[in-house]
Amino acid sequence: MARIVGGMTSSHIPAIGNAIAGELFEDPYWKPFFDGYPAARAWLDKVRPDVAIVIYNDHGLNFFLDKMPTFAIGAAASYRNDDEGWGLKPLPPYPGDPELSWHLINALVNDEFDICSCQEMLVDHGFTVPMSLFWPDRVGMTVRTIPVAVNTVQHPLPTPARCFKLGQAIGRAVESYGRDLKVVVVGTGGLSHQLDGQRAGFINKDFDLMCMEKIVSDPEALTRYSIHDLVRLAGAQGAELILWLIMRGALGGTVTKVHSHYHIPISNTGAGLLVLENAA
Ligand code: DHB
Ligand code: FE
């Protein structure tokens, strides 16, 4: 049977992708951020998951304002990125797992989540930046990927409570899959940030740290916020916290925190990282 071995979260700021390309790991601005990641990679080296389900948001590369699915799941054999306007370079394609993708899509629709199934899907920085941080060695990378794109761009956005339930449904779907696979669920984005308008540059460290604690021990507390609460407390793009809640919903009631890291600011954002192990 497939099993969710754990969950990870990471901010997905495009500037990180360019800092990786420029190998700025020891640069004084970047070092305190990058120093958070070796512990996460050490956990992956130990656990060696077969598949990563990556919960992210498309910011206008594959979906635009004319067609914006609330929940979309990739069902392709591979996924590539593209020039999306942040100067990020095209990377080698990421291998998919169409059989598990279709199992997830079937199970979720049966569980009353209406999913847009995508047999072709370009992935943007919301997907590629965390992948580059967690799996920098693309030659040796064996993990297959399933992109799950969630609308955090065009209102109405799905509520935190609905996202947590989607995560729980993903958890049930994985557990019902017959093949013997180790699955890690990655939630990308956040934490607090606002990129536009009068509050551009807004970061709320206290709220971020509270979210990083509650998502481990009491994620239901975070599901009581509305999207507008998140926009007020974490900034317009801080609503990306819903992606972390989907990750957490997919894990069981009890998780062990393996590692956490928080650094502000990276670009306009409070950058948070979590590694959670799922109880067996
Ligand atoms: C930034 C953060 C994001 O989450 C994003 O999607 C784009 C930019 C930033 O802080 O620059
Ligand atoms: Fe984003």
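Readers should treat all values here as calculations from the given coordinates under stated rules, not as data from a laboratory. Everything quoted here is computed from the prediction, not taken from an experiment. We place every Cβ from the backbone using ideal geometry, glycine too, and count neighbours over all the protein chains shown.
Some observations on this one:
- Cα gyration tensor category, rounded, prolate or oblate, for the stretch 200-257 with a/c compared to 1.5: prolate
- Expected 222 nm ellipticity per residue - DSSP helices of 4 or more, -39500 (n - 2.57), all of the chain, to 500: -10000 deg cm²/dmol
- Amide N of the stretch 63-79 lying under 20 Å from the label point, which is placed 7 angstrom from the Cα of residue 172 along Cα→Cβ: 71-73
- Rg to Rh, two decimals, where the stretch 131-196 supplies the alpha carbon set and Rh follows Kirkwood: 1.02
- FRET efficiency for the pair residue 21 and residue 99, taken as 1/(1 + (r/R0)^6) with r the Cβ-Cβ distance and R0 = 41 Å, rounds to 0.80.
- Percent of beta bridges antiparallel (DSSP, the chain, rounded to nearest 5): 45 percent
- Gyration tensor over alpha-carbon atoms, the chain, equivalent ellipsoid semi-axes in Å: 24, 21, 20
- Protection-proxy order for peptides 229-242, 152-165, 195-208, 130-143, each taking the mean of Cβ atoms within 10 Å per residue, highest first: 229-242, 152-165, 130-143, 195-208
- Spread over its residues, the convex hull of the C-alpha atoms of the stretch 104-241 is 147 Å³ per residue.
- Convex hull projection area averaged over all views, the stretch 61-134, Cα basis, nm²: 5.6 nm²
- Potential lengthening between residue 29 and residue 138 on full extension [0.36 nm per residue; Cα-Cα distance subtracted]: 36.7 nm
- Of 46/257; 165/205; 165/214; 182/257; 46/89; 182/205, those spanning more than 22 Å from alpha-carbon to alpha-carbon: 165/205; 46/89; 182/205
- Global geometry of the stretch 3-88, whether rounded, prolate or oblate, following the gyration tensor of its Cα atoms and the 1.5 cut on a/c: oblate
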